[in-house]
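Chemist: Pasting in a structure now, in structure tokens, and then I'll have a few things to ask.
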Amino acid sequence: MTNTPDDRRFAELLHHRAERLGQGDPITPPLVSSATYHLPRVDQGGFMYGRMSMPTWEEVEAQLAILEGAPCLSFPSGMAAISAALMAMVVPGRRVVLPSDGYYTTRLFADAFLAPFGVTAEYLPTLAMGQADFTGAGVVFLETPSNPGLEVCDIAAIAARAHAAGAKVIVDNTTLTAVLQRPLDLGADVVVAADTKAPGGHSDVLFGHVATRDAALMARVRDWRKLSGAVPGAFEAWLVHRGIETLEVRLARMCASAQVIAERLAAHPKVQAVRYPGLPGDPSHALMARQARGFGFLIGASLADADVAERFLERCPFLARATSFGATHSAGERRARWGDAVAPGFLRLSIGVEPVEALWAGMAEALEGL
Ligand SMILES: *Cc1c(COP(=O)(O)O)cnc(C)c1O
């Protein structure tokens, strides 16, 4: 066992306040909700007004910066982070290339609020991004693995081709988080993520962030937040800070359990197909093994039809029937109910931190009865 740079980073994360602490200071970050700050003069720095900066955001941003290896800005939701990055980066007259099989709301945003200003969206399947022609594109947006299909694309190779065409690359890293994948190290310009999912981790807060090593871009994203007013609340930041403290240990359990559950589902006669990048036969396996530290906690499982899939969910004692993923509790959802381009019996399962044998026993029993 060696102490890797990742291990060092995860340890550092838990002690990021240490250097700044004085005698008697709290070990955990104070929840500061003040909108206004003592400001006799404006030329002396410090906090001024809550739309510009807030002490509790900065605590989460310090954690995220350690994980991403880059400065980060927090937002009130994943979509607030995604729209901020897009608004800061799109170029009038140059198109934005987006995944046709990624998070649906990103596409709705592009069509409703970018296209009318001359930034048209081109939608390509995640698997086609590697061969795409990016001539004339201003921004290439990737989501890997994609939600919900778990298709994976090569961030480094695509970033090199996008840059050669003069485009910037944004990666939505929600499905893995910076603990499992660091797109900036692979050549992406910007990372966006919904911390609503695994980083918050308890389904009790919406949050998001933007990370980039490009100072000029960061300044624009910061201006977007300040001028549009898309700012997170202090309590939300405080909750996410608490969530991130256990992110690495939760993910270790969640990924290990997902591997076990995926293997058993794949071997089960009532399950028609399983997508999990950790399965050696999965089309995403080799690439994901190269560009990520783990295979994640999401599984795609196809049952015979919509009715069978719904009955399975109903009968599983330890699967929350909710949308969203990445929480302590496992969850399952039939994605076709939202119109995703998947088979009617396709389930997205998010594996939580329950002891895996208890979780599997519930699933096995539910499958037997179908
Ligand atoms: C959930 C999700 C988002 C949006 O996050 P919100 O916090 O709900 O706004 C964006 N991208 C992906 C891949 C997601 O799964």
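Chemist: Output the strands (runs of 3 or more DSSP E) that fall wholly within region 56-128 and possess 2 or more residues being of a type in the set (A, V, I, L, M) and away from the ligand (no atom under 12 Å from the Cβ), or say none.
Modeler: Numbers: elements: 72-75, 95-99, 121-124.
Of the strands (runs of 3 or more DSSP E) lying wholly inside region 56-128, those with at least 2 residues that are of a type in the set (A, V, I, L, M) and away from the ligand (no atom under 12 Å from the Cβ) span 95-99, 121-124.
Chemist: Mind checking which pairs have a first residue in region 129-148 that is of a type in the set (Ser, Thr, Tyr) and a second that is part of a strand (DSSP E or B), Cβ under 8 Å, 6 or more apart or different chains?
Modeler: So the pair list comes out as Thr144/Val171; Ser146/Pro99.
Chemist: Thr174: modelled with pLDDT of 95 or more and either buried (at least 24 other Cβ atoms within 10 Å of the Cβ) or within 12 Å of the ligand (Cβ to nearest atom) (or both), yes or no?
Modeler: Numbers: modelled with pLDDT of 95 or more: yes; either buried (at least 24 other Cβ atoms within 10 Å of the Cβ) or within 12 Å of the ligand (Cβ to nearest atom) (or both): yes.
Here the answer is yes, as Thr174 does meet what is asked.
Chemist: Output the qualifying pairs, or none if there are none: Cβ atoms under 7 angstrom, residues six or more apart or on different chains, first residue in region 236-260 and open to solvent by 60 Å² or more (accessible area, probe 1.4 Å), second residue in a helix (DSSP H, G or I) and among the polar types (S, T, N, Q).
Modeler: Trp238/Thr56
Matching residues to (1) polar (S, T, N, Q); (2) surrounded by 14 or more Cβ atoms within 10 Å (Cβ to Cβ); (3) within 19 Å of Ala62 (Cβ to Cβ):
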{"position": "Thr2", "(1), (2), (3)": "yes, no, no"}
{"position": "Arg8", "(1), (2), (3)": "no, no, yes"}
{"position": "Arg20", "(1), (2), (3)": "no, no, yes"}
{"position": "Pro29", "(1), (2), (3)": "no, yes, yes"}
{"position": "Leu39", "(1), (2), (3)": "no, no, no"}
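Chemist: Give Leu298, Leu319, Leu265 a once-over and let me know the one that is more than 21 Å from His202 (Cβ to Cβ) and either open to solvent by 10 Å² or more (accessible area, probe 1.4 Å) or not acidic (Asp, Glu) (or both). Let's see the steps before the verdict.
Modeler: Numbers: Leu298 fails: more than 21 Å from His202 (Cβ to Cβ); Leu319 fails: more than 21 Å from His202 (Cβ to Cβ).
Answer to the selection: Leu265.
Chemist: So, in region 129-152, of the ones that are part of a strand (DSSP E or B) and within 30 Å of Gly278 (Cβ to Cβ), which residue ends up nearest to the ligand (Cβ to nearest atom)?
Modeler: At the first step, the residues of region 129-152 found to be part of a strand (DSSP E or B) are 137-143.
Among the residues that remain, those that are also within 30 Å of Gly278 (Cβ to Cβ) are: 140-143.
Details: Val140: 16, Phe141: 10, Leu142: 11, Glu143: 6 Å.
Here the residue is Glu143.
Chemist: I'd like to check something: does region 213-235 contain any residue that is in a loop (DSSP other than H, G, I, E, B), more than 15 Å from the ligand (Cβ to nearest atom), small (Gly, Ala, Ser) and open to solvent by less than 40 Å² (accessible area, probe 1.4 Å)?
Modeler: yes
Chemist: Could you give me the residue pairs with C-beta distances under 7 Å whose first residue belongs to region 10-26 and is assigned to a loop (DSSP other than H, G, I, E, B), whose second residue is open to solvent by less than 60 Å² (accessible area, probe 1.4 Å) and of a type outside the set (Phe, Trp, Tyr) wherever it lies, and which are 6+ apart or on separate chains?
Modeler: If the second residue must be open to solvent by less than 60 Å² (accessible area, probe 1.4 Å) and of a type outside the set (Phe, Trp, Tyr), the pairs left are His16/Ala62; His16/Gln63; His16/Ile66; Arg17/Pro29.
Chemist: For region 322-370, which positions are open to solvent by less than 10 Å² (accessible area, probe 1.4 Å) and acidic (Asp, Glu)?
Modeler: Glu333
Chemist: Hey, among the residues in region 83-98 that are modelled with pLDDT under 95 and of a type outside the set (Gly, Ala, Ser), which one's surrounded by the fewest Cβ atoms within 10 Å (Cβ to Cβ)? Break it down stepwise before answering.
Modeler: Our first condition is that a residue be modelled with pLDDT under 95; within region 83-98, this holds for 91-93.
Within this subset, residues satisfying the condition of being of a type outside the set (Gly, Ala, Ser) are 91-92.
Details: Val91: 15, Pro92: 9.
Filtering first and then ranking leaves Pro92.
Chemist: Check region 275-291 and report whether any residue there is touching a residue at least 12 places away in the same chain (Cβ under 8 Å), touching a helix residue (DSSP H, G or I) at 6+ places or on another chain (Cβ under 8 Å), part of a helix (DSSP H, G or I) and open to solvent by 10 Å² or more (accessible area, probe 1.4 Å).
Modeler: There is at least one residue in region 275-291 that is touching a residue at least 12 places away in the same chain (Cβ under 8 Å), touching a helix residue (DSSP H, G or I) at 6+ places or on another chain (Cβ under 8 Å), part of a helix (DSSP H, G or I) and open to solvent by 10 Å² or more (accessible area, probe 1.4 Å).
The values are calculated or read from the model by the stated rules, or taken from the named source; none is laboratory data. Predicted model only: the values in this text are computed from it and were never measured. FYI the Cβ positions are ideal-geometry reconstructions off the backbone, even for glycines, and counts take in every protein chain you see. In case anyone asks, the SASA skips ligands and DNA or RNA and just uses the protein heavy atoms, side chains included. Shrake-Rupley method; radii C 1.70, N 1.55, O 1.52, S 1.80 Å.
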